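Everything below concerns the one structure shown next.
The values are calculated or read from the model by the stated rules, or taken from the named source; none is laboratory data. Since this is a predicted model, take the numbers as computed values, not measurements. Heads up, the Cβs are rebuilt from the backbone with ideal geometry, glycines too, and the neighbour counts pull from every protein chain shown. Please note that ligands, DNA and RNA were not included when accessible areas were found on the heavy atoms of the full protein model with its side chains. Shrake-Rupley method; radii C 1.70, N 1.55, O 1.52, S 1.80 Å.
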Amino acid sequence: MLIRVLVIDDDEAVRGVLESFLIDEGYEVEAQPDGVAGLEAYMSGAFDIVLLDLAMPRMGGIEVLEKIKSHDPGACVIIVTAHGTIRSAVEAMRLGAYDYITKPFRIEDVAVTLKRASEFKSLSRENIELKRQLRKRFSFKMLIGDSPAMYNVFELIEKVSQSDTTVLITGESGTGKEVVAKTIHFNSHRSQKPFIPVNCGAIPHELLESELFGHEKGAFTGAVSTRIGRFELASGGTLFLDEIAEMSPQLQVKILRVLQEREFERVGGVKTIKADVRVIAATNKALEAAIEDRSFREDLYYRLNVINIRIPPLRERADDIPLLMNHFNPIMCAKKKRGNLIFSKEAMNVLMAYNWPGNVRELENLVERLSVLKEDDLVTPEDLPQRFFSGEPPVTPPVVETERGIFLNELLEDFERNLILKALRKTNGIKSKASAYLNINRTTLIEKLKRLKLDDHLMSKY
Ligand SMILES: Nc1ncnc2c1ncn2[C@@H]1O[C@H](COP(=O)(O)OP(=O)(O)OP(=O)(O)O)[C@@H](O)[C@H]1O
Ligand SMILES: [Mg+2]
């Protein structure tokens with residue numbers, strides 16, 4: 001595999017040495033003399049490894065590193081830095097640099113570090129490739145997603161589909177638990193047999209048992225005829241126990257028995273019935289907490305949780321937002337017999353920044369709502385409901401009028417202070433990130449912090 005290396009260093013001699021050495025070693029190399037040119041080169045070429053100097057004119061190495069990482073979190077950046085600046089190298093590592101080399105360097109050290117980095121890079125390339133192939137090989141038609149967080153879900157689905165293991169699917173409301181359960185079923189050897197869902201939260205406690213296991217004629221008042229339950233209906237297939245946390249403790253014992261012994265009786269019946277059923281359970285509650293307060297049996301939890309698939313909330317996989325919008329857009333618009341919606345860049349930015357408490361279901365509903373309400377096709381931020389904008393209150397300070405008028409300098413300082421605090425909150429107090437967010441230099445930010453007396457002890461409170 002050919003590894004492409006980008007060298008960014010303002011020292012011509014260093015560039016020359018690295019370039020000729022790397023070419024000799026069989027790497028493909030490009031060298032750039034400063035941060036701006038380096039970043040540009042990175043964005044336009046598919047580089048595997050970056051050798052990055054820290055102190056450079058135009059744009060410093062830390063800033064280049066941050067930009068590369070925010071564009072491509074998997075990027076492999078090796079810092080090459082003068083001996084006196086180890087502290088910056090450490091900061092760079094914290095920002096996700098792969099390793100660092102100090103100048104003056106011995107070329108053998110560079111060789112070793114690069115070799116390790118290229119091995120790391122080819123492994124992760126293979127890994128991503130494998131996961132992509134898995135996506136193609138496997139039928140995930142119903143399950144849209146092309147984000148690293150979802151690759152893990154896909155991988156687990158593939159693993160468990162080949163077996164009969166019980167699976168517990170967890171995730172916030174609307175994340176797609178039922179879709180995942182169906183995907184497992186339809187990719188398993190049981191796919192020709194029924195997929196039977198039971199919503200344990202929607203059926204009254206007293207009816208759930210007979211719903212699951214069926215009943216014999218005369219088992220209770222109203223049981224006028226024998227009826228088979230969902231376990232029998234699902235025979236050979238998959239039973240999906242949704243909202244499992246809502247099941248009563250009495251019934252939990254019975255489910256535990258079916259899972260252990262693979263048999264059950266109908267309510268009021270004596271005949272033992274074999275259960276050839278794969279069970280998949282789902283919940284949006286933390287079962288650990290339910291065990292703690294004794295509303296959920298620990299032994300059942302371990303039985304169900306043989307494999308746990310946690311579906312990440314939508315806000316943890318923002319890459320999937322445009323993908324899902326594009327998925328639902330034509331479906332909803334075709335239903336309404338109208339042209340597809342077009343989302344303006346500004347509207348898409350708002351959607352990407354939103355925290356989606358209702359996850360994919362909320363997104364699906366939004367697209368449906370827009371497909372009904374919008375007369376023209378172009379969706380702009382004005383078309384989005386209020387909740388998309390109520391993340392943080394505006395930071396404008398109140399303008400206090402005194403007898404002597406208003407104090408412009410103080411007010412501007414307050415305003416500035418609020419914006420800086422907002423930036424620090426957003427970036428967990430990491431100054432380099434906060435300054436990037438504010439589009440000012442890091443040193444300018446530090447000066448401002450001093451001038452506004454936002455020293456470190458005050459900042460701990462933000
Ligand atoms: N990855 C996905 N790709 C396509 N559609 C999805 C995806 N995830 C969820 N959906 C859609 O979003 C809606 C909600 O999904 P689902 O019912 O599976 O969520 P859930 O986790 O079971 O929610 P709840 O906890 O509220 O029951 C469904 O219409 C489903 O088709
Ligand atoms: Mg559900």
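Quick check on the stretch 198-207. Is at least one of its residues within 19 Å of Lys274 (Cβ to Cβ) and of a type in the set (Gly, Ala, Ser)? Scanning the stretch 198-207 turns up no residue that is within 19 Å of Lys274 (Cβ to Cβ) and of a type in the set (Gly, Ala, Ser). Restricting attention to the stretch 237-296, the residues being within 16 Å of ligand 2 (Cβ to nearest atom) and of a type in the set (Ser, Thr, Tyr) number 2.
Residues checked against (1) basic (Lys, Arg); (2) assigned to a loop (DSSP other than H, G, I, E, B); (3) in the same structural domain as Asp109 (by TED's automatic domain parsing):
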residue	(1), (2), (3)
Gly16	no, no, yes
Met43	no, no, yes
Ala46	no, yes, yes
Lys67	yes, no, yes
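Which residues, taken from the stretch 69-101, are touching a residue at least 24 places away in the same chain (Cβ under 8 Å) and part of a helix (DSSP H, G or I)? The answer is Lys69, His71, Thr85, Ser88, Ala89, Glu91, Ala92.
Of the numbered conditions (1) hydroxyl-bearing (Ser, Thr, Tyr); (2) without any contact (Cβ under 8 Å) to a residue 24 or more places away in the chain; (3) open to solvent by less than 60 Å² (accessible area, probe 1.4 Å), Thr272 satisfies every one except a single condition; which is it? Answer for Thr272: the failing condition is (3). Of the residues making up the stretch 39-53, one or more are over 23 Å from Ser432 (Cβ atoms), free of Cβ contacts under 8 Å to residues at least 60 places away in the same chain and open to solvent by 30 Å² or more (accessible area, probe 1.4 Å). Assessment of the stretch 303-311 against the conditions (farther than 18 Å from Val160 by Cα and more than 16 Å from ligand 2 (Cβ to nearest atom)) yields no matching residue.
Filtering Leu259, Leu239 for residues that are touching a Ser or Thr at 6+ places or on another chain (Cβ under 9 Å) and either within 16 Å of Val167 (Cβ to Cβ) or buried (at least 20 other Cβ atoms within 10 Å of the Cβ) (or both) leaves a single hit, Leu259.
For the stretch 149-195, a residue qualifies if it is more than 16 Å from ligand 2 (Cβ to nearest atom) and among the polar types (S, T, N, Q), and the qualifying residues are Asn152, Ser161, Gln162, Ser163, Thr165, Thr166, Asn187, Ser188, Ser191, Gln192.
The set of residues from the stretch 297-315 being aliphatic (A, V, I, L, M) and outside any loop (DSSP other than H, G, I, E, B) comprises Leu300, Leu304, Ile307, Ile309, Leu314. Comparison of Glu216, Glu265, Glu246 shows that the only residue that is open to solvent by 40 Å² or more (accessible area, probe 1.4 Å), in contact (Cβ under 8 Å) with a residue 24 or more places away in the chain and under 30 Å from Pro313 (Cβ atoms) is Glu246. Scanning the stretch 235-247 for residues that are under 33 Å from the mean Cα position of the chain (by Cα) and more than 16 Å from ligand 1 (Cβ to nearest atom) returns a single hit, Gly237. Just a yes or no: is a residue in the stretch 294-317 over 29 Å from Gly171 (Cα atoms), surrounded by 13 or more Cβ atoms within 10 Å (Cβ to Cβ) and acidic (Asp, Glu)? Within the stretch 294-317, none of the residues are over 29 Å from Gly171 (Cα atoms), surrounded by 13 or more Cβ atoms within 10 Å (Cβ to Cβ) and acidic (Asp, Glu).
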